[in-house]
Amino acid sequence: MRGHGAPRTIAAMHSVLSIAGSDPTGGAGIQADLQVFRSLGVHGSGVITALTIQDSKKVHQVLPIFPSVVLDQLRILLRDMAPNAVKIGMLASDDVARSVVLGLQERKPDVPIVLDPVLFASDGTELLERRAWPVLQGLIAETALVTPNLPEAEALTRRDVSTRRGAEAAASALLEELGAGAALIKGGHREGDPDDLLATKGPTGVELRWLAGERVPGGPVHGTGCALASAIAVGLALGKSLPEAVDVGRKFVLRGLRAAEALGSGARFLVYP
Ligand code: PLP
């Protein structure tokens, strides 16, 4: 039994691998992912795809890691350790994205992959060069779940997502045209209620479900997309069904948003339970 103040136990048999960029602020990227994994009680491993120079206000610079180093990190790790789920975030460049695709061939079959298809930071900085977008589109076919925000869904499916019907068409395209196992289109960029759209495969085709979102006041919060995909990956690693893992992940991020705090002079940071 866990009492007040008792140390959280790590489910030693469960680990999640994050393949993502470094964010020195700890609000997004691999530093944030590892905090989510720890907070939800699994071991976290990490392969860094890029360094960024950033503070809580903006991304100053993006420095992709040598592609061969990304490939070696992944290959050597996956030959030794078998994560229960993989979360992919920022891939930075075409060569790095290709290295990740190649390195993932070493994974055990049936390991669920949650892909946060990071294209831009909130300040507009490009976090994946445009010529790499087709590689990202190809990677979608390998995923259990892809979690684009509205601009990413629009860019990846070339559908106008400004209406709910448009978002539904984009979600269906992510499954039927790009081969995702499931898609969660995040509604945070929507005017009005920030409802998310979950698309899963049912016996009769794509099933769409709108999930009611809550706008938490207080201004921008950094790294919510990273935290959501990471929390969902933990759920899948622990054997939850996809809708259950999505539900747990959304609640985890909502709690973090309600408790968010400013540590610098820019965006606030999620506070993990
Ligand atoms: N930096 C890194 C390394 C990231 O992975 C991300 C988002 O995925 C960001 C920055 C952007 O975070 P935000 O969207 O909060 O600006």
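The values are calculated or read from the model by the stated rules, or taken from the named source; none is laboratory data. All values reported here derive from a predicted model rather than from experimental measurement. Reconstructed Cβ throughout: ideal geometry from the backbone, glycine too, with neighbour counts over all protein chains shown. These area figures cover heavy atoms from the full protein model, side chains too; ligands, DNA and RNA do not enter into them. Shrake-Rupley method; radii C 1.70, N 1.55, O 1.52, S 1.80 Å.
Taking the stretch 21-40 as the search range and keeping residues that are more than 8 Å from the ligand (Cβ to nearest atom) and without any contact (Cβ under 8 Å) to a residue 40 or more places away in the chain, which one is farthest from P117 (Cα to Cα)?
Selected residue: R38.
Which condition number does A171 fail, the rest of (1) touching a residue at least 60 places away in the same chain (Cβ under 8 Å); (2) part of a helix (DSSP H, G or I) being met?
(1)
In the stretch 230-247, what count of residues is obtained for those that are polar (S, T, N, Q) and either touching a residue at least 24 places away in the same chain (Cβ under 8 Å) or surrounded by 15 or more Cβ atoms within 10 Å (Cβ to Cβ) (or both)?
Start the filter on the stretch 230-247 by keeping residues that are polar (S, T, N, Q), which leaves 230, 241.
Then keep just the ones that are either touching a residue at least 24 places away in the same chain (Cβ under 8 Å) or surrounded by 15 or more Cβ atoms within 10 Å (Cβ to Cβ) (or both); that gives 230.
So the count comes out to 1.
So which residues in the stretch 141-167 are in a loop (DSSP other than H, G, I, E, B), over 17 Å from T200 (Cα atoms) and either of a type in the set (A, V, I, L, M, F, W, C) or open to solvent by less than 10 Å² (accessible area, probe 1.4 Å) (or both)?
V161
Of everything in the stretch 233-273, what is in a helix (DSSP H, G or I), touching a Lys or Arg at 6+ places or on another chain (Cβ under 8 Å) and within 16 Å of the ligand (Cβ to nearest atom)? Give them in sequence order.
A233
For R79, are the conditions met, namely being touching an Asp or Glu at 6+ places or on another chain (Cβ under 8 Å), among the charged types (D, E, K, R), under 24 Å from L238 (Cα atoms) and open to solvent by 30 Å² or more (accessible area, probe 1.4 Å)?
It is true that R79 is touching an Asp or Glu at 6+ places or on another chain (Cβ under 8 Å), among the charged types (D, E, K, R), under 24 Å from L238 (Cα atoms) and open to solvent by 30 Å² or more (accessible area, probe 1.4 Å).
Residue pairs, Cβ under 7 Å, 6 or more apart or interchain, first in the stretch 68-84 and under 10 Å from L17 (Cα atoms) and without any contact (Cβ under 8 Å) to a residue 24 or more places away in the chain, second open to solvent by less than 60 Å² (accessible area, probe 1.4 Å) and basic (K, R). List them.
Sorted first by the residue in the stretch 68-84, then by its partner, the list stays empty.
Residues to consider are K87, K108; find the one that is open to solvent by 20 Å² or more (accessible area, probe 1.4 Å), in contact (Cβ under 8 Å) with a residue 12 or more places away in the chain and not in a helix (DSSP H, G or I).
Values: K87 fails: open to solvent by 20 Å² or more (accessible area, probe 1.4 Å).
Exactly one residue qualifies, and that residue is K108.
What is the one condition in (1) surrounded by fewer than 20 Cβ atoms within 10 Å (Cβ to Cβ); (2) more than 16 Å from the chain's Cα centre (by Cα); (3) more than 30 Å from S56 (Cβ to Cβ) that G103 does not satisfy?
Against the list (1) surrounded by fewer than 20 Cβ atoms within 10 Å (Cβ to Cβ); (2) more than 16 Å from the chain's Cα centre (by Cα); (3) more than 30 Å from S56 (Cβ to Cβ), G103 comes up short only on (1).
Any residue in the stretch 248-273 that is farther than 20 Å from I232 by Cβ sitting within a Cβ distance under 9 Å of a residue that is open to solvent by 60 Å² or more (accessible area, probe 1.4 Å) and basic (K, R)? List the pairs, counting only those 6 or more apart or interchain.
Close Cβ pairs satisfying both conditions: G264/K57; S265/K57; G266/K57; G266/K58; A267/K57.
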